[in-house]
Amino acid sequence: MKLPRLSPALAADRLRSDSRRISLLMVCALALVIAAATLGGAFRSTENRIEELSFALLGRDAGGQVHVVELDAASMAAIRRWPWPREHYARVVRALDAAGVRSISFDVDFSSTGDDAGDKAFAQAIAESTAPVALPTFAQKAAFGDARKLDSLPIPVLREHAHLASVSVAPDADDGHVRRMPLGTVTGGTARPSLSAFVAGEAGVVDRKFPIDFAIDPATIPRHSFIAIENGMIPPGSLAGKDVIIGATAIELGDRYAVPGYGVIPGVVIQALAAETLGQVVPVYGSWPLPLIASALLALVTLAAQRRRAVLVRSGAFLAALLAAWLAARVMAGVWFEIVPALALAAAAGAIRYMIITQRIAALGRQVDAESGLLNRLGLAARPAAAADRFLVAAQIDEFDALKLAADNEGIGILLNRIAERLKVASGVDKVYRSEDRTLVWISPLPIDELESQLSGLRALMRSPFEIAGRRLGVSLTFGVADHGIADPASHAAHAASLARRAGKFWRLHTIEAGETVSQQFSLLGELDEALRSGSITVLYQPKLNLATRRIDAVEALVRWNHPERGLLPPDCFIPLFEERGRMDELTLAVLAQALADAWGWREQGLPIGVAVNISAALLTSESFAERALDLVAQTGTPTDQITFEVTESAQFEDTEAAIATLHRFRAAGIRISMDDYGTGQSALNYLKLLPLSELKIDRMFVAQAHVDKGDAMLVRSTVQLAHELGLKVVAEGVEQAACLEFLGKMGCDYAQGYLVGRPLPAGDLAALAATSMPAARAPAARAA
């Protein structure tokens, strides 16, 4: 069987998403950083690489509308001089016009004069062409290091009947690649369309640039050798209605540029690609902040993810969505956005959230005990405080080393989980922590008096053995309790549990005094006299149900200290201290006096209720205490058969003979003697023989589950039979379920005591309860309700 580890559900429970405000601030901060980086050109190189990948993804052939007539090596070899006589251009214009082309554009410099006859022939061919002819104009630097630019225009005789179009090419400053073209420029003081805009028939908007679509394969643009066209070698109909751009492709003529994906290509081919780009839709540059804003909204969703898998899925989906939207905008609307800032924001948000969750999971992993899978002290420390938190309870496993040997390494982890599950169910808490090797702890919202009863029930619940790997293992717990508000309550509660085990008690409350100096401890002792005078020492009464008559005719007196600063203190908070300092006689006599007075008051109301008072083992060897106790009994006139002194079975007598003599003296006076917590000590049968007992009280650890646990049922049954044969009454403590009450009635038990019968009450409330106790036929059902 595998032990539970840090599950996704637990991680999700512990890993709450950040607040919207924090997520929004984080996204805004990321967006500002990325915006600043974008403005600084930090993403330009990455943007170019992604753009190149998109060209490869969307690659397609040219549409075939634009043809290139190239001044190629063959033409250079045939004409054998440069610059060419312009009669050659005249013949090509006439040949193309005769072939029915739609337009003729030149990417050849005609800004200088040639021979007069050639210039006139070329000008006449332009003038007579039915297809419009565009000649190039461009701007260039005046000289190296000179910021001035000079405009180059065709000579006047040529431009008289020609259109002028700009062939200016501006490579990117960062890497020298040509990626965009202008729609128009100003040369010679006049706005002119770019050559690509002229070919595509678009308006030449000055200073507006558009991206060249390098998804078009330059190799698919139809190309014709200049010399072939001049010689009339044109397949019939191949150029009809086409746009022709004439330019240099021969290496020796230069005019070559680097472009994305294709290396260095001739400028005329770039012009043709630009014209092809404009032939479908005029592309425009979108603003990069728009996808960045969309990415910021998606990043908010990513930052709300609570699991790493969700972060990866969302980040991947959002990155894909951004890329898909980016491509769709380009293909369908002709809008070219810069996408890298948006991708960077989405990826950064995902990476940050992933790292945060990873760090938290690692932190949670350190909060889990490796052996048991339970949360450890770090997990306890990380638990957020709640308004209802009152006490930290530590349950120390008795004989833990022996249990570990019996259960083996894997089995002890399973056992710890089983114990924790049982503690959670019985205490009503959602988490139990392993603070130390042998210690389990939890936070309780109960007040101390209710917590004491709960701990008794838990101790009884542990009587049922655990089945681990085919072995039945019995577990006994000792509890320590500390105020949750003090520093390191887990350590104090564990220490209190250790003290309780050494003192032979099943629980102990750590008080502030336990960690203070001796002088501070004496302050509580010094307050006892004032507490007795002021009435701060109060007595509550827990009713006992007579199972034969179904009436409440007996009670147990329980002392409480209503401290003005520390609140209502249960007996375990101060009685151990008073026992150590020898002050129990005054406290016990005060309780006895109050109990006798209240019993007399009940008798006057027609309620003959017997009262039991706990007597410390140390007092049984005190002659002074015995005298004063008997005097109190005599003074009140309370019938002695209505008075019971309870002595704990596990008590250690300093002088056994003296203690037994004192008990015989009390019994001779008619006072009943009860053995409390029967079954928890080691010498029960010997005590039955030596002590003048009238009553046995079976400890709650055997009673609470006796109606369902066969072992406990056998013990209760045998104890009742033994007690009755010895002439003793039997009281069962810790009765909290109606089924248990019915079981005790069937077993012949005399009295039942526990929360089902009633909680500790002031004298007046107890009298009212006793007066209205139900007849035998209805009491169990009423209590169960």
Inset, instruction - Take Ala739 and decide whether it is under 19 Å from Leu461 (Cβ atoms) and assigned to a helix (DSSP H, G or I). - result: yes
Inset, instruction - Please list, ordered by first then second residue, the pairs with beta carbon atoms under 6 Å, 6 or more apart or interchain, first in segment 216-227 and buried (at least 19 other Cβ atoms within 10 Å of the Cβ), second in a strand (DSSP E or B). - result: Pro218/Ile265; Ile221/Val68; His224/Val69; Phe226/Val69; Phe226/Leu71
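Open to solvent by 40 Å² or more (accessible area, probe 1.4 Å), among the aliphatic types (A, V, I, L, M), in the same structural domain as Gly100 (by the TED database) and in a strand (DSSP E or B): is that true of Val244 in this structure?
On the way: open to solvent by 40 Å² or more (accessible area, probe 1.4 Å): no; among the aliphatic types (A, V, I, L, M): yes; in the same structural domain as Gly100 (by the TED database): yes; in a strand (DSSP E or B): yes.
Considered against the rule, which asks whether it is open to solvent by 40 Å² or more (accessible area, probe 1.4 Å), among the aliphatic types (A, V, I, L, M), in the same structural domain as Gly100 (by the TED database) and in a strand (DSSP E or B), Val244 comes out as no.
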Inset, instruction - Output the number of residues of segment 259-303 satisfying the condition of being farther than 23 Å from Gly204 by Cα and small (Gly, Ala, Ser). - result: 6
Legend entry - Boolean, Glu657 is of a type in the set (D, E, K, R), surrounded by fewer than 21 Cβ atoms within 10 Å (Cβ to Cβ) and within 23 Å of Glu530 (Cβ to Cβ): no
Inset, instruction - Please determine, by comparing only the residues of segment 272-309 that are in a helix (DSSP H, G or I), more than 16 Å from Leu345 (Cα to Cα) and open to solvent by 70 Å² or more (accessible area, probe 1.4 Å), which one is modelled with the lowest pLDDT. - result: Gln280
Inset, instruction - Within segment 423-441, count every residue that is of a type in the set (A, V, I, L, M, F, W, C) and closer than 11 Å to Phe479 by Cβ. - result: 3
Legend entry - Members of segment 738-759 found to be farther than 20 Å from Ala723 by Cα and crowded, with 20+ Cβ neighbours inside 10 Å, listed by number: Gly754, Val757, Gly758
Inset, instruction - Determine whether segment 625-636 contains at least one residue that is modelled with pLDDT of 90 or more, surrounded by fewer than 17 Cβ atoms within 10 Å (Cβ to Cβ) and outside any helix (DSSP H, G or I). - result: no
Legend entry - Every residue from segment 329-355 that is open to solvent by 40 Å² or more (accessible area, probe 1.4 Å) and either hydroxyl-bearing (Ser, Thr, Tyr) or part of a helix (DSSP H, G or I) (or both): Val331, Met332, Ala333, Ala347, Ala351, Ile352, Tyr354, Met355
Inset, instruction - Return a yes/no flag: does segment 607-618 have any residue that is of a type outside the set (D, E, K, R), in contact with an Asp or Glu (Cβ under 8 Å, 6 or more places away or on another chain) and part of a helix (DSSP H, G or I). - result: yes
Legend entry - Qualifying positions in segment 387-412 - in a loop (DSSP other than H, G, I, E, B) and either open to solvent by less than 30 Å² (accessible area, probe 1.4 Å) or under 24 Å from His495 (Cβ atoms) (or both): Asp389, Arg390, Asp398, Glu399
Legend entry - Matching strands (runs of 3 or more DSSP E) fully within segment 65-170 where at least 1 residues are at pLDDT 90 or above and aromatic (Phe, Trp, Tyr): 103-107
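Would you mind finding the one in Gly601, Gly567 that is over 18 Å from Ala531 (Cβ atoms) and either open to solvent by 10 Å² or more (accessible area, probe 1.4 Å) or assigned by the TED database to the domain that holds Glu627 (or both)?
Working: Gly567 fails: over 18 Å from Ala531 (Cβ atoms).
After applying the criteria, what remains is Gly601.
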Legend entry - Hits in segment 228-249 - residues which are farther than 19 Å from Gly64 by Cβ, of a type outside the set (A, V, I, L, M), out of contact with any Lys or Arg (no Cβ under 6 Å at 6 or more places or on another chain) and in contact (Cβ under 8 Å) with a residue 24 or more places away in the chain: Gly232
Inset, instruction - Select from segment 366-386 the residues that are of a type in the set (Gly, Ala, Ser) and open to solvent by less than 30 Å² (accessible area, probe 1.4 Å) and list them in ascending order. - result: Ser372, Gly373, Gly379
Inset, instruction - Run down Gly734, Gly727, Gly758, Gly764 and say which single residue is out of contact with any helix residue (DSSP H, G or I) (no Cβ under 8 Å at 6 or more places or on another chain), modelled with pLDDT under 95 and in a loop (DSSP other than H, G, I, E, B). - result: Gly727
Legend entry - Failed item, numbered, when Ala31 is tested on (1) within 41 Å of the chain's Cα centre (by Cα); (2) surrounded by 14 or more Cβ atoms within 10 Å (Cβ to Cβ); (3) within 26 Å of Thr277 (Cα to Cα): (3)
Legend entry - Qualifying positions in segment 329-352 - of a type in the set (A, V, I, L, M, F, W, C) and in contact with a strand residue (DSSP E or B) (Cβ under 7 Å, 6 or more places away or on another chain): Ala329, Val335, Trp336
Inset, instruction - Of the numbered conditions (1) touching a Pro at 6+ places or on another chain (Cβ under 7 Å); (2) open to solvent by less than 30 Å² (accessible area, probe 1.4 Å), Lys209 fails exactly one; give the number of that condition. - result: (2)
Inset, instruction - Filter segment 171-216 down to residues that are assigned to a loop (DSSP other than H, G, I, E, B) and of a type outside the set (D, E, K, R), then give me how many there are. - result: 14
Inset, instruction - Within segment 696-727, track down each residue that is within 24 Å of Gly670 (Cα to Cα) and crowded, with 22+ Cβ neighbours inside 10 Å. - result: Leu696, Lys697, Ile698, Ala723
Legend entry - Options Arg49, Arg21, Arg80: the member that is assigned by the TED database to the domain that holds Asp174 and of a type in the set (Lys, Arg): Arg80
Inset, instruction - Go through segment 663-710 and give me each residue that's modelled with pLDDT of 85 or more and small (Gly, Ala, Ser). - result: Ala668, Ala669, Gly670, Ser674, Ser694, Ala704, Ala706
Legend entry - Matching strands (runs of 3 or more DSSP E) fully within segment 413-475 where at least 3 residues are surrounded by 21 or more Cβ atoms within 10 Å (Cβ to Cβ), touching a residue at least 40 places away in the same chain (Cβ under 8 Å) and in contact with a helix residue (DSSP H, G or I) (Cβ under 6 Å, 6 or more places away or on another chain): 439-444
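The values are calculated or read from the model by the stated rules, or taken from the named source; none is laboratory data. Computed from a predicted model, the values in this text were never measured in an experiment. Neighbour counts run over all protein chains shown; Cβ positions are idealised from the backbone, glycine included. Ligands, DNA and RNA are stripped out before the accessible areas are found, and what is left, the full protein with its side chains, is counted by its heavy atoms. Shrake-Rupley method; radii C 1.70, N 1.55, O 1.52, S 1.80 Å.
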